[in-house]
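These notes concern the structure reproduced below.
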Amino acid sequence: MPEGQPEPYLFQNLKRLLAIIEKTDEPVLWMTELVRFELLLLSELGYGLHLSRCIITGQEACLDWVSPKHHAAVSRQAAQGHEKKLLVLPDFLKAPFSVSCLDLPDQESLQQGLKLSGFFLRFHFEAAYYHRFFWVRQRLIKNFMMACEQASFS
C-alpha cells in the first residue's frame, strides 16, 4: 500500500477477516473470506477484477470464467473452446458477498477461488521481495486443506 495514505475500507475488511478467524473454528469460512480479502486488496491497489459482466459479450448471466489477460469475467458461451486459457470463476464469487454457514462454498470451489486470487496476486507482485509472502500463503493453504481433511474424517 502507498505509505501515508489511509485505507479505511481495506483496514475494516482486514479487521473483519481477523475477527472471523479468531471467533470461528470453521476453516472453510476463513478461507472464503481470505479469497474475498485478496480480491479486495487487488482492487484497492488498482488491479481489480471485473466480474459483473462478460468482457466479450457484455452479458451478465452464465459468468463461469475469468480471463487472465483482461482481468474480467467471461461467459460460458464466449469461453467455448478457450477454457484451458481461462480461470474458473467459482459460484461464491459471483453472488453478492454474504457470509453464513449455509452458503459456504465446497472445497473444490474454494480451491478455485484461491487459485484465482493467487494467480492475480502473483501476476502483479511476482518480485523477489514478495517470495516470503507467497511461501506463507502456500503454507496456509496447505494447512487449510489438512484441516478440511481432518474435519471430514471426524
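Annotation for Lys85 and Glu7: the two label points, set 7 Å from Cα along the Cα-Cβ direction, are 3.2 nm apart. Annotation: amide H of Leu89 within the under-5 Å range of Trp65, Val66, sequence separation 5 or more or interchain, hydrogens built in the peptide plane. The convex hull around the C-alpha trace of the stretch 1-99, projected and averaged over every direction, spans 7.5 square nanometres. Amide H contacts for His50 (H built 1.01 Å from N in the peptide plane; partners 5 or more residues away or on another chain; cut-off under 5 Å): Ala72, Ala73. Within the accessible area of the chain, the carbon and sulfur atoms contribute 56%, probe 1.4 Å, all protein chains present. For the chain, the per residue solvent-accessible surface stands at 65 Å², with DNA, RNA and ligands left out and a 1.4 Å probe.
The values are calculated or read from the model by the stated rules, or taken from the named source; none is laboratory data. Predicted model only: the values in this text are computed from it and were never measured. All Cβ positions, glycine included, derive from the backbone under ideal geometry; neighbour counts span all protein chains shown. Just so you know, the surface numbers come from the protein's heavy atoms only, side chains and all, with ligands and any DNA or RNA stripped out. Shrake-Rupley method; radii C 1.70, N 1.55, O 1.52, S 1.80 Å.
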